[in-house]
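Structure first, then comments.
The values are calculated or read from the model by the stated rules, or taken from the named source; none is laboratory data. Owing to the predicted nature of the structure, the values given are computational and were not obtained by experimental measurement. Note that each Cβ is placed from the backbone with ideal geometry, even for glycine, and that neighbours are counted across all protein chains shown.
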Amino acid sequence: MLLNRMLFAGLLAGGLVCAGPLAAQSSTDTGTKTDNTKVNKRDRAAGAVTADQQKMNEPDRKLTQQIRKAVMADKSLSTYAHNVKIVTEHGAVTLKGPVRSEEEKKAVMAKATEVVGAGKVTDEMTVEPKNK
């Protein structure tokens with residue numbers, strides 16, 4: 001916020017503002033792929049579970065929180081696994097998003113199943129290895 005005010009003040013004063021170091025990094029700068037268009041298209045399919053379907057009633061919120069805490073506490077999991085989408089609707093959980101291996105997928109599933117019980121977790125995670 002302070003940076004925005006400084007830039008705005010610089011523009012008002014007629015000064016030259018250089019956005020070089022402030023510019024966002026492109027995918028070529030970081031060496032990672034930033035285009036997630038295919039994933040977004042998949043989520044638009046009829047019947048696809050999306051994060052906006054997360055129920056805000058207290059029991060569903062608490063289940064989601066418990067699963068997220070369990071996943072985040074496991075430091076052996078990749079950032080991908082830590083960022084899996086967890087959507088809880090009426091006590092049923094859907095897990096979506098990429099993980100780095102089948103082992104990670106199983107670990108996240110086990111954590112969710114431990115919280116909500118067997119038969120209440122839907123696995124929609126995908127395995128996307130690092131060297132893809």
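Results, tabulated for the structure shown:
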{"quantity": "Residue in the range 54-63 that is at pLDDT below 95 and loosely packed, with under 10 Cβ neighbours inside 10 Å present", "calculated": "yes"}
{"quantity": "Filter result for L95 (under 17 Å from the mean Cα position of the chain (by Cα), modelled with pLDDT of 95 or more and either more than 29 Å from P129 (Cα to Cα) or assigned to a loop (DSSP other than H, G, I, E, B) (or both))", "calculated": "no"}
{"quantity": "Among residues of the range 65-98, those that are β-branched (V, I, T) and surrounded by fewer than 20 Cβ atoms within 10 Å (Cβ to Cβ), counted", "calculated": "1"}
{"quantity": "For K41: the one exception among (1) part of a loop (DSSP other than H, G, I, E, B); (2) at pLDDT below 95", "calculated": "(1)"}
{"quantity": "Per-region count, the range 99-122, residues without any contact (Cβ under 8 Å) to a residue 40 or more places away in the chain and surrounded by 15 or more Cβ atoms within 10 Å (Cβ to Cβ)", "calculated": "11"}
{"quantity": "Matching residues in the range 109-132 - criterion: being under 11 Å from I67 (Cα atoms) and touching a Gly at 6+ places or on another chain (Cβ under 9 Å)", "calculated": "T113, V116"}
